[in-house]
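The values are calculated or read from the model by the stated rules, or taken from the named source; none is laboratory data. Everything quoted here is computed from the prediction, not taken from an experiment. Ideal geometry is used to build each Cβ from the backbone, glycine not excepted, and the neighbour counts take in all protein chains shown. Calculation scope for accessible area: heavy atoms of the full protein, side chains included, ligands and nucleic acids excluded. Shrake-Rupley method; radii C 1.70, N 1.55, O 1.52, S 1.80 Å.
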Amino acid sequence: MNVPEEYRRFACREYFEDGWSTRGHFDEASQTLVIVPLEHSCVTDETNFFAIGRSGVGGIDFGYRADHEGLWAYHPIDQEFQFMAPTVAALVEGWCTGKLSV
């Protein structure tokens, strides 16, 4: 699947081409939809953030920042970003095994 025009400012090719945008990823252990399908994603223009996943903790979302590589966590209370992983696959693996945290 090609990256739709409205998402091209984000380095999100893997999300679309590897099928994450259609299937997402549900983590059984935490009962969290860590990666959401496209219809549950959102773009926040004031932070230039394309949220494609949920941490399940404190309203923290995972996603892409405009003009940045990799996946980031956005902490809405602190209004800060934290780099998480270079790819969606690495984020899912690290988050679901406990190797990554926010």
Residue count for region 60-93, restricted to those that are open to solvent by less than 40 Å² (accessible area, probe 1.4 Å), closer than 22 Å to Asp27 by Cβ and in a loop (DSSP other than H, G, I, E, B): 2
Close pairs (6 angstrom Cβ cut-off, 6 or more residues apart or separate chains): over 16 Å from Trp95 (Cβ atoms) in region 53-71, in a loop (DSSP other than H, G, I, E, B) and small (Gly, Ala, Ser) anywhere: Glu69/Ala11
Extreme residue, most open to solvent (accessible area, probe 1.4 Å), among residues of region 36-59 that are under 15 Å from Cys12 (Cα atoms) and small (Gly, Ala, Ser): Ser41
Selection count, region 1-23, where residues are open to solvent by less than 70 Å² (accessible area, probe 1.4 Å), under 17 Å from Glu93 (Cβ atoms) and touching a residue at least 24 places away in the same chain (Cβ under 8 Å): 3
The one condition in (1) more than 19 Å from Trp95 (Cα to Cα); (2) without any contact (Cβ under 8 Å) to a residue 40 or more places away in the chain; (3) part of a loop (DSSP other than H, G, I, E, B) that Glu39 fails to fulfil: (3)
